[in-house]
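One structure below.
The values are calculated or read from the model by the stated rules, or taken from the named source; none is laboratory data. The shown structure was predicted, so the numbers you read here are calculated from the model rather than taken from an experiment. Every residue, glycine among them, receives a Cβ derived from its backbone with ideal geometry; neighbour counts consider all protein chains shown.
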Amino acid sequence: MPEAQVNGTTLHFETEGPDEAPVVVLSNSLSTDLRMWQPQMAALAARYRVLRYDTRGHGKSAVTPAPYSIETLADDLAGLIGTLELGPVHVVGLSLGGMTAQVLAMRRPELVASLCLVATTCRPPFGTQAAWAARAEEVRRTGDYRDVEAPMMERWLTRRFRRAEPAGTALIREMIRATPIEGYVGCCMAIGGLDACGKLRDFAGPVCVIAGEEDPGTTVEDAQLIVGGIAQAELNVVPHARHLMNWDARELFTPLLLHWLAQVAPKYFIPADAIPVVM
């Protein structure tokens, strides 16, 4: 199991794809792990060297005592990129992963060639830091996700997806339930402390922001706020998609991501018959 000791913790990670290809880093959401990128892996790994990892307190990464800060999570990723000697890299982050990516670009811009910020925001979603602290403490009190799992699944996935894709729905539910309570609490506190709006004005690299049209948590308006504060940014809205759009609307999201990366990443020759068809 590949692990790296960085920033006072241990991160689990996986790499796939040609060693000579441009590096794409995938950063996961709250309450998931690196498996959340499963729908995109075949297409990405055929074209790029892909690094995906479990955020601190999630998956197989170490669980350190809460609270965490978003700066800590960004420094974790900076340490992983540095340890593996990969920078500058193309960072794709969804939700919490997108928040981490923004702060990484603020703190260590030399490590970031481009950003793709998916279903994310530059300020705490659903209100204030106090609201996130209350949410975290309720989960700590109950010791499980009984009060948050159902609303989370409703926000993340359309009813259409949940009916048509029982295996995918089950995996996402499994990732939620497998998240260590302390990791969830720590990352809730990190989200509550997010303050990135307007702070990427000096970032020199290209930025793509992707929002789900029906995402009730990180809205199209949140995406517009990010774009308005960045010099080189473009906004794409995925029709009828909710929060976890890389599953919920993968037939639209994956080609959009590949198109973006083809524009910003150096060309890498791969025989056409070796590239998986994106469905």
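So the values come out like this:
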| item | result |
| --- | --- |
| Members of the range 154-173 that are surrounded by 18 or more Cβ atoms within 10 Å (Cβ to Cβ) and of a type in the set (A, V, I, L, M) | L157, I172 |
| Strands (runs of 3 or more DSSP E) wholly inside the range 1-58 that include at least 2 residues being surrounded by fewer than 17 Cβ atoms within 10 Å (Cβ to Cβ) | 3-6, 9-16 |
| For L86: the one exception among (1) in contact (Cβ under 8 Å) with a residue 60 or more places away in the chain; (2) outside any strand (DSSP E or B); (3) buried (at least 24 other Cβ atoms within 10 Å of the Cβ) | (3) |
| Within the range 120-144, considering residues that are in a loop (DSSP other than H, G, I, E, B) and touching a helix residue (DSSP H, G or I) at 6+ places or on another chain (Cβ under 6 Å), the one farthest from G97 (Cα to Cα) | P124 |
| Tabulated pairs, the range 177-203, first more than 16 Å from L73 (Cβ to Cβ) and of a type in the set (G, A, S), second at pLDDT below 95 and part of a loop (DSSP other than H, G, I, E, B), C-beta under 6 angstrom, 6+ apart or interchain | G198/G229 |
| Count of residues meeting criterion [surrounded by fewer than 17 Cβ atoms within 10 Å (Cβ to Cβ) and either at pLDDT 90 or above or acidic (D, E) (or both)] in the range 116-132 | 1 |
| Subset of the range 102-153 (residues that are in contact (Cβ under 8 Å) with a residue 60 or more places away in the chain, under 16 Å from S69 (Cβ atoms) and touching a Cys at 6+ places or on another chain (Cβ under 8 Å)) | Q102, C122, R123, W132, A136 |
| Residue within the range 135-148 that is within 18 Å of the chain's Cα centre (by Cα) and surrounded by 14 or more Cβ atoms within 10 Å (Cβ to Cβ) present | no |
| Verdict on A78 being at pLDDT below 95 and either of a type outside the set (G, A, S) or not in a loop (DSSP other than H, G, I, E, B) (or both) | no |
| In the range 217-271, the residues that are within 18 Å of the chain's Cα centre (by Cα), in a loop (DSSP other than H, G, I, E, B) and at pLDDT below 95 | G217 |
| From the options I191, I176, residue that is touching a helix residue (DSSP H, G or I) at 6+ places or on another chain (Cβ under 7 Å), surrounded by fewer than 23 Cβ atoms within 10 Å (Cβ to Cβ) and in a helix (DSSP H, G or I) | I176 |
